[in-house]
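K.L.:
One structure, as structure tokens, below. Some questions next.
The values are calculated or read from the model by the stated rules, or taken from the named source; none is laboratory data. These figures come from a predicted structure and were not determined experimentally. For neighbour counting, all protein chains shown are included, and Cβ atoms are generated from backbone atoms with ideal geometry for every residue, glycine included.
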Amino acid sequence: MTEGLKPCPFCGESKEYIVYNIEMEPDGITCPVCHIVVRFPHIKVKGGEKFEVAIGKMTDAWNRRAEE
């Protein structure tokens, strides 16, 4: 990851957490303040790809904003 997570786009808080699916693969990002969960089903840990790669892709997707 080259940068951290931007604040939640819904409530503005900056306490986001990566959530994991039942297979313990990174699955999305949640905000514990407003309880929004943003899932990224298209981002998967593929054969040998490291968690860090998938988490980096999710971070990039979370940090993308409409006004940018």
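K.L.:
So how many residues does the range 22-38 have that are assigned to a strand (DSSP E or B) and either over 15 Å from residue 8 (Cβ atoms) or in contact with a His (Cβ under 9 Å, 6 or more places away or on another chain) (or both)?
P.N.:
Initially, the range 22-38 is screened for residues assigned to a strand (DSSP E or B), giving 26-30, 37-38.
Those still in the list that are either over 15 Å from residue 8 (Cβ atoms) or in contact with a His (Cβ under 9 Å, 6 or more places away or on another chain) (or both) too: 26-27.
Of the residues in the range 22-38, 2 are assigned to a strand (DSSP E or B) and either over 15 Å from residue 8 (Cβ atoms) or in contact with a His (Cβ under 9 Å, 6 or more places away or on another chain) (or both).
K.L.:
Mind counting the residues in the range 54-68 that are in a loop (DSSP other than H, G, I, E, B) and free of Cβ contacts under 8 Å to residues at least 24 places away in the same chain?
P.N.:
Number of matching residues: 4.
K.L.:
Could you run through the range 39-48 and say how many residues are surrounded by 13 or more Cβ atoms within 10 Å (Cβ to Cβ) and either at pLDDT below 85 or touching a Leu at 6+ places or on another chain (Cβ under 6 Å) (or both)?
P.N.:
Start the filter on the range 39-48 by keeping residues that are surrounded by 13 or more Cβ atoms within 10 Å (Cβ to Cβ), which leaves 39-40, 43-45.
Applying the additional criterion that residues be either at pLDDT below 85 or touching a Leu at 6+ places or on another chain (Cβ under 6 Å) (or both) yields 40, 43-45.
Looking only at that region, the number is 4.
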